[in-house]
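Encoded as structure tokens, the structure appears first; notes follow it.
The values are calculated or read from the model by the stated rules, or taken from the named source; none is laboratory data. All of these numbers come straight from a predicted model, not from anything done at the bench. Neighbour counts are summed over all protein chains in view; Cβ atoms, including those assigned to glycine, are modelled from backbone coordinates with ideal geometry. The area values use the complete protein model at the heavy-atom level, side chains included, leaving out ligands, DNA and RNA. Shrake-Rupley method; radii C 1.70, N 1.55, O 1.52, S 1.80 Å.
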Amino acid sequence: MTASVVLCGCYGEESMRKTNPGYVAFDYTCGAVKNYDLIIKNVYRFNEYLKQTTIEKRDSVDRLYFSDVKISHNEDADAWTLRLINSSAYHTEFTIDTDGKSIDDGDAVWTVSTPDKTLDCRIANNGNRTWRIAEGRDVDDLFEYSTRWDVRFNEHGYSLEGSGTLLSLATPKLKLEYTVKEPLEIVVDKALSAGKLSIVATDVSKNISEETEAIILWERGIEIKYKSFDEEWYYDIYWW
């Protein structure tokens, strides 16, 4: 089974398009980005909550950002648990170990994990409104992930730069290795709006690889370059 066959995940008319395997590689990779968007967004908002100096101010941030999130504190540790209510996300509960610091502190390193440890990542302050996620691991129904991100916040949301690997849980094993060639621009609570990804899909058992380039054209459009083919696709990149 070649990587092309492994990646032919669409059915009907769309599966007949020449760049369909590249589109599927992008779809899987975009799922990994979306999983981390949920973590980044909630950690950023929780930091705003944690920085408040009075109960009244924290209640105000809670009402603004966490209407669908329940926050609890382990008083025996510097750990806080966020439980997402009525969420379709894969992870609906995760713990943030702050080590007693705001993520804004220069030497801050927060650990974010789920109770079953399928998600485990370190988020470090990298200066100039930038975070470094140097050790990101995650698992969902389809893949194991390893991730390295630089997160740069701006007035609309944030951008992502870095690379990562997805390894399928099912066999034959499919490995997707991606690199951000142009920063992925994410408008918080709206969409992935710009950026470029290079993706290498490998059928592990046969050691056969294929490359794809995905360019975000606009909030619902992408360009897929696969082998000698180049096609535009409609893609709903809207987040939670």
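For segment 95-127, name all the residues that are of a type outside the set (D, E, K, R) and closer than 17 Å to GLY162 by Cα.
Scanning segment 95-127 gives CYS121, ILE123, ALA124, ASN125, ASN126, GLY127.
Conditions (1) more than 23 Å from GLU144 (Cβ to Cβ); (2) among the hydrophobic types (A, V, I, L, M, F, W, C), marked per residue:
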position: THR53; (1), (2): yes, no
position: ASP68; (1), (2): yes, no
position: GLU75; (1), (2): yes, no
position: ASP97; (1), (2): no, no
position: VAL112; (1), (2): no, yes
position: PRO115; (1), (2): no, no
position: ASP120; (1), (2): no, no
position: ALA124; (1), (2): no, yes
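Please indicate, with yes or no, whether at least one residue in segment 70-87 is within 21 Å of VAL33 (Cβ to Cβ) and either under 16 Å from the mean Cα position of the chain (by Cα) or modelled with pLDDT under 95 (or both).
First pass over segment 70-87, keeping only residues within 21 Å of VAL33 (Cβ to Cβ): 82, 84, 87.
Those left that are additionally either under 16 Å from the mean Cα position of the chain (by Cα) or modelled with pLDDT under 95 (or both): 84, 87.
Scanning segment 70-87, I find at least one residue that is within 21 Å of VAL33 (Cβ to Cβ) and either under 16 Å from the mean Cα position of the chain (by Cα) or modelled with pLDDT under 95 (or both), so the answer is yes.
Across segment 196-219, which residue is most open to solvent (accessible area, probe 1.4 Å) among those that are in contact (Cβ under 8 Å) with a residue 24 or more places away in the chain and either over 21 Å from THR147 (Cα atoms) or touching a Cys at 6+ places or on another chain (Cβ under 7 Å) (or both)?
TRP218
Just name the residue that is nearest to ARG45 (Cα to Cα) out of those in segment 138-188 that are β-branched (Val, Ile, Thr) and not in a strand (DSSP E or B).
VAL188
Taking GLU161, is it in contact with a Pro (Cβ under 7 Å, 6 or more places away or on another chain) and open to solvent by 40 Å² or more (accessible area, probe 1.4 Å)? Spell out the reasoning first.
Numbers: in contact with a Pro (Cβ under 7 Å, 6 or more places away or on another chain): yes; open to solvent by 40 Å² or more (accessible area, probe 1.4 Å): yes.
Criteria met by GLU161.
Here is a check on your reading of the model: is ASP140 acidic (Asp, Glu) and modelled with pLDDT under 95? Before you say what the answer is, go through the steps one by one.
Numbers: acidic (Asp, Glu): yes; modelled with pLDDT under 95: yes.
Here the answer is yes, as ASP140 does meet what is asked.
Given (1) within 24 Å of ASN125 (Cα to Cα); (2) surrounded by 14 or more Cβ atoms within 10 Å (Cβ to Cβ); (3) hydrophobic (A, V, I, L, M, F, W, C), where does ALA25 come up short, assuming only one miss?
Here ALA25 clears every test but (1).
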